[in-house]
Amino acid sequence: MSFSEKSDETCLSGIVVRVTYDDPKGLFSVVRLRLDDQSVITLVGSLSGLSIGQRVSCQGQWKRSASYGDQFAVTSFFMDVPTENLEEMIHYLGSGNLPGIGPVLAAKIVEKFGKETPFILDHRPDQLSIIRGITPQKAEQIHQAWKKQRDLCNLMVFCQKIGLSTRHTKKIHDKWGLRSEEVIRGNPYILVREIWGFGFKRADQVAQHLGLAQDAPVRIQAAYEAIISQSHQEGHTCLPKGHLLEEAQRLLQLNERSALEKYLEHLLNEGRLLQDLKEGSLGKEPFIWSALAYRTEQNIASQLDRLLQSPSRIPSFDLEGLLQKLSDQLGMTLADAQKEAVRMTYTHKVHILTGGPGTGKSTITRCLAWIGKQLGLDLICCAPTGKAAKRLGEASGHPSKTIHHLLEYDFASQTFQKTENAPLEADLVIVDEMSMVDSFLFHHLLKAIPCHAHLVLVGDRDQLASIGPGQVLEDLISSRRLPICTLSVLFRQSERSGIVQAAHLIQSGRSPLIQESPDFSFIEEQDGQRIVERICFEVYERLPRLYKLDPQEEVQVLCPMRKGPVGIERLNTALQQTFQKGQAGSFSVGSRTFFLGDKLIQTRNNYRKEIFNGSIHFLRYADLANQTCELISMEGRSIIYRFDELDQLQHAYALSVHKYQGSEAECIVMPIHPSHSIMLFRRLLYTAITRARQYVLLIGSRKHLWYCVRNQGQTARFTGLRRQLEEKWPPRPLRI
């Protein structure tokens, strides 16, 4: 698109009559504006958050587009609160800016108070209750919403000057209110820590608008914090010192490295960052941790040592006699490796049980729970996610909880109530899906386990590592400091499962297509669009009909990548259109469209609503007048969201494999396409197919499937737990 400038920068004002496009990231919008002379023009620029009926004042330049004609490119804008024109006042009050006021109620308020309406809303909100339908409580609610909107307009003028979008301005106002400008001027990089979705580069642009020097200590410190934080999101608990300095120099665009090295030493001396110079499993180069991450790994080793050094309270008993009783009563006969795993549970305070699908881990947990009941032990079963906990409860026959629920996580204070000062009541603790447990969560769990308790860590080391920082299970196993029981033999029932067979073929680097199976299929297709179309047909029509399944709850599409012709975003759009074709009850928030019945996933922890990242919900009801909607969780819980909170949710018809860790569906469908190449590696495919209970369908390129199976490459995680464990105890032989 080529533009030619039509005029110099000028100011315009008018009423928004249409939001044609609103980028969810707030970077670009297209808005139709009716000017005071009744002509309608097109605005383009960062205009996120505008809605129909708002009066807006804009500054910018006219541009001419060969494709779209004349457009007004906005450089800054603010929303005017109408005070004179009664029609505009009705539009403004009823446009959705003020929760609880729709067009009808707005008209009643303006009809009653006329041009005095702003004064009433500012100073005499009690007068609103004169109007039928407005209670004193609702009057106060309207007053607070009006006041917030007024404050927001004032803040928006400041935020526009420093390059912030409306979407970010609202979040800033929610956080600091009238103090927002003062807080940002004091340290613009506080935005990175306190405002979700705000990265270092955007905060850096704000700092430049405010005239902060490039080598200002607050800027360098923020860069180090951003790099460490990003490394945690990528699964690392530490970084090589040289890598940290290189990333800081790149991020800050500083030619001189001396200032970076000097300030890094300052952070190390203050104890905000920690350095380990010892050689070991991490190699010779110094590594840098955040203080929290270093002490977490250090304390994991100390907590494990505490458990190992403390005496057990479980009395001696006749294991063979109980196993015979188990066989007689429940018909469960254990193989030698399974008996060894049970024996190790009671002869070692801490031990690891690992193995792939179908190797008998679930049988052992059921046996351990049964023996614990016979002995009168206080038994605890837990797992990192709700679905994993439910599955563990079904397998063991004993009630199971998520680790957060077990430790009585308090959303208000964001702390665990069960700690070393208020430990769990347990003689035996079984933790399943250990590959998903990150360093921070494992540390909190260990602190709450009493000294006398036994701990069994169950997991599959070939699954993807945790989303959070660390690779706890892998470090525990590779350190060779704890007793390990590795199960590798498939049992007869599992041998008949094509999914289990395929998983073990992939695990050993062989193609899962070398043998046919009724519950594991592959459809060859090279064209991206045809792959998308076939997935829609399989998920919505064929698989639900063939297996008598709910296509929303029991069939899940997993995808290696978010972007691309067969990425998560493209699949979600296509699947939503397939599921919602011909359905009424849709609404838009920005550029995103939601339908009643949509499948959605929470993308970050919401402590106020007591919802964790990864929770899946279904959209049941939308209240357009109050700009709210009701979602129902997979567990049946009802949750209310405001429309401006929906950026916490993404459509979940298709998900990443990482997002679905710890969950299961009856059917898993997964595309394999050349555009996924960068993410096609063995562990990802193995994790994906082991999420299925009944059926797996892969659709795509046979060549890239084979590449995926052979590719063991995955970005290594930098962690220090293994070395902490190696320094604590001498090595022991692995137990098989």
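The values are calculated or read from the model by the stated rules, or taken from the named source; none is laboratory data. Everything numeric in this text was worked out from a predicted model, so none of it was measured. Glycine gets a Cβ as well: all are built from the backbone with ideal geometry, and neighbour counts include every protein chain shown.
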- In the range 576-615, which residue that is of a type in the set (A, V, I, L, M) and in contact with a His (Cβ under 8 Å, 6 or more places away or on another chain) is surrounded by the fewest Cβ atoms within 10 Å (Cβ to Cβ)? Ile601
- Failed criterion for Gln556 (all others in (1) touching a strand residue (DSSP E or B) at 6+ places or on another chain (Cβ under 7 Å); (2) assigned to a helix (DSSP H, G or I) hold): (2)
- Message: Test of understanding: among Arg702, Arg693, Arg722, which residue is outside the structural domain of Ser231 (by TED's automatic domain parsing), under 25 Å from the mean Cα position of the chain (by Cα) and among the basic types (Lys, Arg)?
- Response: Arg693
- Task: Just need a number here: residues in the range 304-331 that are in contact (Cβ under 8 Å) with a residue 24 or more places away in the chain and part of a loop (DSSP other than H, G, I, E, B).
- Result: 7
- Filter the range 394-452 down to the residues that are surrounded by fewer than 19 Cβ atoms within 10 Å (Cβ to Cβ) and at positive phi, then identify the one that is farthest from the chain's Cα centre (by Cα). Gly397
- Query: Considering the range 292-313 alone, what residues qualify as being among the small types (Gly, Ala, Ser) and over 24 Å from the mean Cα position of the chain (by Cα)?
  - Reply: Ala301, Ser302, Ser310, Ser312
- List, please: which pairs have Cβ atoms under 7 Å, are six or more places apart or on different chains, and start with a residue in the range 629-640 that is surrounded by 13 or more Cβ atoms within 10 Å (Cβ to Cβ) and end with one that is assigned to a strand (DSSP E or B) and among the aromatic types (Phe, Trp, Tyr)? Cys629/Tyr621; Cys629/Tyr641; Glu630/Tyr621; Leu631/Phe618; Leu631/Tyr641; Ile632/Phe618
- Note on the structure: Taking the range 255-294 and the residues there that are part of a loop (DSSP other than H, G, I, E, B) and of a type in the set (Asp, Glu), the one that is modelled with the lowest pLDDT would be Glu279
- Residues located in the range 380-393, provided they are over 20 Å from His444 (Cβ atoms) and buried (at least 21 other Cβ atoms within 10 Å of the Cβ): Lys387
